[in-house]
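Okay, so here's the structure we're looking at.
Please treat every number below as a calculation from the coordinates, not as lab data. In this text the structure is predicted, and so the values were computed from the model without any measurement. Heads up, the Cβs are rebuilt from the backbone with ideal geometry, glycines too, and the neighbour counts pull from every protein chain shown.
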Amino acid sequence: MPPISGVSSDAAELLDCLIVGGGPAGLTAAIYIARFHLSVLVADSGESRADLIPLTRNLAGFPDGIAGSELRARMREQGRRYGVRHWAGKIVSLKGGPGMFVAHTVEGVFQARTVLMATGVFNRRPKMPDDLHDLALSRGLLRYCPICDGYEVTDSSVAVIGTGEHGTSEAEFLRSYTAGVTLIAPTGDHELDAAQRSRLDNGAIQAVDGPCLGFELLQDGIAIGTPTGRRLFATVYAALGSDVRSELAIAMDAEVSRDGCLIVDKHQRTSVAGLYAAGDVVRGLDQLSYAMGQGGVAAVAIRNDLARSTPLRR
């Protein structure tokens, strides 16, 4: 087993569950599993999309909002109280099957009776320097999830960077919060069919051809350069799609949807016995509460499935 900071480990240990991914889905499952008196380790590559949330006000119980990184820190601490172990690193391959999965890292291997994939997705970013991106995100000038924070942009000027069906749909969604929505193509002329242009016209949503020539953070907003001039907005939403992190499961022949999301049953079981999935890597509503609920469902299924083969309290 790779070294775990601050935790003694046994190279021959067989975990009851290895959770790949340290976002809200994986951390919720870990808390449940540890409280079932099962051994569980969370492998966290440090790329949770939750860390991109500067402040969420949709999560029940946090009326003043909470940052995604703070939520994860609280969840990790809660899990540690019950014996959840955390390893900061990346799983590079997964082999084996129920009762003996072997997860390879650059430092060694983990062995587990079951595996929960909670690897999430990766948002495609606008073309801007990393430091500018992170600062814009922290100030609420750049956003990714209108379901999460569309309320915060009510009656303000909003740019949506995107095109085609995805861009059109996101612009329409934001139009229910504000009349000031502009859809900007990310790289060149818009790729819009007649029906999509009609929908934009019906919502009085302006379509501006790209590319985006640069971004400037201002005291009262964010400016975007376009071929027809510089435009100022209160907030920019990126509607560029996302990449599903399901490669490890796909390599084990787990069934996936057309867009790469893992297909699961009502108990979060994938098509591979002993392999479960929860959170954004599964098709569904990309929301904290939804992911956390799936994590709880998966944890109960893991506990019950293990109980059928081995007494759990030794």
Legend entry - From phi via Karplus (6.51, -1.76, 1.60), per-residue ³J(HN,Hα) for segment 248-264 in Hz, x at Gly/Pro: 4, 6, 4, 5, 9, 6, 5, 6, 10, 7, 4, 8, x, 6, 6, 8, 10
Legend entry - the chain - share of DSSP beta bridges that are antiparallel (%, nearest 5): 45
Legend entry - Cβ-based charge dipole, the chain, positive-most Cα from 228, 148, 218: 148
Legend entry - By average C-beta atoms within 10 angstrom, highest first, the peptides 114-125, 19-30, 289-300, 247-258: 19-30, 114-125, 289-300, 247-258
Legend entry - Answer label for Rg and Dmax of the Cα atoms in Å (calculated), chosen among (i) 21.5, 71; (ii) 23.1, 81; (iii) 19.3, 59: (i)
Inset, instruction - Please report the relative contact order for segment 125-238, taking Cα pairs under 8 Å with a sequence separation of at least 6, and give it as a percent rounded to a whole number. - result: 30
Inset, instruction - Could you state the angle between the C-alpha long axis of helix 24-35 and the longest principal axis of the C-alpha atoms of the chain, as a value from 0 to 90 degrees rounded to the nearest 10? - result: 20
Legend entry - Relative contact order of segment 53-94, pairs being alpha-carbon contacts under 8 Å that are 6 or more residues apart, as %: 25
Inset, instruction - Give me the distance in nm between label points sitting 7 Å out from Cα along the Cα-to-Cβ direction at residue 204 and residue 273, one decimal. - result: 6.1
Legend entry - Pairwise FRET efficiency - residue 173 versus residue 135, Cβ, R0 = 35 Å, nearest 0.05: 0.85
Inset, instruction - Any aspartates and glutamates with Cα under 13 Å of the residue 127 Cα? List them, leaving off those in the same chain fewer than 8 positions away. - result: 216
Inset, instruction - For residue 206, enumerate residues with amide H under 5 Å from its amide H, sequence gap 5+ or separate chain, H modeled in the peptide plane. - result: 181, 183
Inset, instruction - Measure nothing but the geometry: give the 0 to 90° angle between the long axis through the Cα atoms of 288-307 and the longest principal axis through the Cα atoms of the chain, rounded to 10°. - result: 20
Legend entry - Fraction of antiparallel bridges per DSSP, segment 1-131 only, in percent to nearest 5: 45
Legend entry - Relative contact order of the chain, pairs being alpha-carbon contacts under 8 Å that are 6 or more residues apart, as %: 20
Legend entry - Spin-label pair residue 213/residue 102, simplified geometry with 7 Å Cα→Cβ offset, distance in nm: 5.7
Inset, instruction - Arrange the following residues from fewest to most other Cβ atoms within 10 Å of their Cβ: 48, 271, 242. - result: 271, 242, 48
Inset, instruction - State, to one decimal in nm, how far the label point of residue 58 lies from the label point of residue 74, with both points 7 Å from Cα in the Cβ direction. - result: 1.7
Inset, instruction - Could you check what % of the DSSP bridge pairs in segment 171-314 are antiparallel, to the nearest 5? - result: 75
Inset, instruction - Take the chain, connect every pair of alpha-carbon atoms lying under 10 Å apart with a spring to form a Gaussian network, then pick out the residue of 166, 104, 86 with the largest mean-square fluctuation. - result: 166
Inset, instruction - Give me the number: length gained by fully extending residue 285 to residue 223, i.e. 0.36 nm times residue separation minus the C-alpha to C-alpha distance, one decimal in nm. - result: 19.3 nm
Inset, instruction - Measure nothing but the geometry: give the 0 to 90° angle between the long axis through the Cα atoms of 68-80 and the longest principal axis through the Cα atoms of the chain, rounded to 10°. - result: 10
